[in-house]
Amino acid sequence: QVTCIEVVEAYVERIKEVNPLINAVVKDRFEDALQEARQVDKLLSEGPGNDYLEEKFPLLGVPVTVKEAFSLYGMPNTSGLVNRRNVIATSDATVVSRLKQAGAIPLGVTNCSELCMWYESSNRVYGQTNNPYDLQRIVGGSSGGEGSVLAAACSVIGVGSDIGGSIRMPAFFNGVFGHKPTTGVVPNNGQFPNAYGVRTSYLCTGPMCRYAEDLEPVLRVMAGPGVSKLKLNEKVLLEKIKFHCMDHDGGSVFVSPVDKEILQAQKKVVEHLESDLGVRVQRVAIHKMKYSFQIWSAMMSFKDSEGQEAQRFTDLLGDHGKPVWPLWELMKWLVGMSSHTLPAIALGLSEKLLNLNPSGKAKLVSMGKSLQEEMETLLGPDGVLLYPSHPTIAPKHHSPICTPFNFAYTAIFNVLGLPVTQCPLGLGSEGLPLGIQLVAAAYNDHLTLAVARYLEKAFGGWVLPGKA
């Protein structure tokens, strides 16, 4: 009905209109994108028929944006680190290359937190990204630019990565869909920082989209040959799914209590599933979830099976340059002289403290392994767990520094290796997005994606900011 050039022009205009407010796209490639759109239209007018094109280029002409931590040829690849501000990608990350080969058209790269290790997307290279529903609120991190740009209707598909909730928190705070696939299915190559040692089992690359139905086709493209491990061709009968529900982590001392509105939204989901599908949602209380933050921290910094130490965050901060001393950086920060953000400095300091208790760490790692077995047994081949995406709705800028461990609600599923879809559930009383995490056993991504499509129809999915 419309030409590709019209579609891309519409998105380019939209970005130009709203990006000055949200600061999500940090570098664009509009001229190249428009040129690629013209080539798509030429191909369609002269091409060998739509069926062939649909099979060969499933995302032909679809505008995408890419988290700046991923290499996109000709675009910056700093991950918000000042001493990388001149780094320009000379190739494409694997997933970016696959999306391009499928016909997608990248519009530009989007902001993230410094070194992708904090849940507010703000750094000393590009500044702070704002939430389209309320510019005073955070967009989440580290794929926060993607969450913001999708919510503001500036893109169709986003490329995100997630080692502690970096896809799901921005998707939640910005009211869009985000999927953290089963670990090891979608390649992580071509992002900075990449995972080494034990962390390769926890870092996931995945799709972020405004519409639930877009997650699966994008996941297929991102996974490439690895998609055969997932059961995406299996038909899902929602009535046959065994639903479980957990309202909170059991009351961790590190984490905020779950907001009433988030609990209420989850309750509505349970009621809807029970009345509409005739299923019984089983309430569960998994005791070890109370220790989510401690388990995640211990497993993230543990040695891998070959005894290799996890890469230290302070080494990444230096990025092959001079070593970074977190305490010295804190002194510099207090007088406005540090080129690092406070969360990054704090993480460097806490890393040192964590390594002071090796026996405590080993205990937590073994608790994590037993939690993984417990989860896999509970969920089995046909189970889906409903769990809050975060304890609070999108907080005000800078306030996460007072609640630094709230990301535990998403992070625990990284170390458990489970697939999770974050699903929006409309807006709360302050006009900010609500949502829920849908969790399944490993390789059962098809279940959470099917439930997300169902809940989108029932609860309306993404809401255009300013419309409510």
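Quick look at the numbers
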{"quantity": "Tabulated pairs, the range 236-249, first more than 14 Å from His446 (Cα to Cα), second open to solvent by 50 Å² or more (accessible area, probe 1.4 Å) and in a strand (DSSP E or B), C-beta under 6 angstrom, 6+ apart or interchain", "calculated": "His244/Gln282; Cys245/Arg283"}
{"quantity": "Some residue of the range 112-130 being part of a helix (DSSP H, G or I) and within 26 Å of Leu60 (Cα to Cα)", "calculated": "no"}
{"quantity": "Hits in the range 244-275 (condition: open to solvent by 90 Å² or more (accessible area, probe 1.4 Å) and within 22 Å of Glu456 (Cβ to Cβ))", "calculated": "Gln264, Lys267, Lys268, Glu271, Ser275"}
{"quantity": "Contacts under 7 angstrom Cβ, first residue in the range 419-430 being under 14 Å from Pro170 (Cβ atoms), partner among the charged types (D, E, K, R) and open to solvent by less than 10 Å² (accessible area, probe 1.4 Å), 6 or more apart", "calculated": "Val420/Arg168; Val420/Lys180; Gln422/Arg168"}
{"quantity": "Any hit, the range 368-380, residues being open to solvent by 10 Å² or more (accessible area, probe 1.4 Å), β-branched (Val, Ile, Thr) and part of a loop (DSSP other than H, G, I, E, B)", "calculated": "no"}
{"quantity": "Odd one out for Lys363 among (1) farther than 21 Å from Gln282 by Cα; (2) outside any helix (DSSP H, G or I)", "calculated": "(2)"}
{"quantity": "Checklist (1) open to solvent by 20 Å² or more (accessible area, probe 1.4 Å); (2) under 22 Å from the mean Cα position of the chain (by Cα); (3) of a type in the set (S, T, N, Q) applied to Asn233, failing item", "calculated": "(2)"}
{"quantity": "Residue check for Lys42: open to solvent by 80 Å² or more (accessible area, probe 1.4 Å) and touching a residue at least 40 places away in the same chain (Cβ under 8 Å)", "calculated": "no"}
{"quantity": "All positions within the range 91-120 that are at pLDDT 95 or above, small (Gly, Ala, Ser) and under 29 Å from Ser297 (Cβ atoms)", "calculated": "Ala93"}
{"quantity": "Search result, residues across the range 199-216 that are modelled with pLDDT under 95 and either closer than 10 Å to His179 by Cα or open to solvent by 20 Å² or more (accessible area, probe 1.4 Å) (or both)", "calculated": "Arg199, Thr200, Ser201"}
{"quantity": "Number of the condition not met by Glu17 [criteria: (1) under 25 Å from Gly127 (Cα atoms); (2) in a loop (DSSP other than H, G, I, E, B)]", "calculated": "(2)"}
{"quantity": "Among the candidates Gly206, Gly140, Gly175, Gly165, residue that is farther than 19 Å from Gly80 by Cα, assigned to a loop (DSSP other than H, G, I, E, B), of a type outside the set (Val, Ile, Thr) and touching a helix residue (DSSP H, G or I) at 6+ places or on another chain (Cβ under 9 Å)", "calculated": "Gly175"}
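The values are calculated or read from the model by the stated rules, or taken from the named source; none is laboratory data. Given the structure is predicted, the values throughout are model-derived calculations rather than measurements. For neighbour counting, all protein chains shown are included, and Cβ atoms are generated from backbone atoms with ideal geometry for every residue, glycine included. When the accessible area is computed, the model is the full protein with side chains, heavy atoms only, and any ligands, DNA or RNA have been set aside. Shrake-Rupley method; radii C 1.70, N 1.55, O 1.52, S 1.80 Å.
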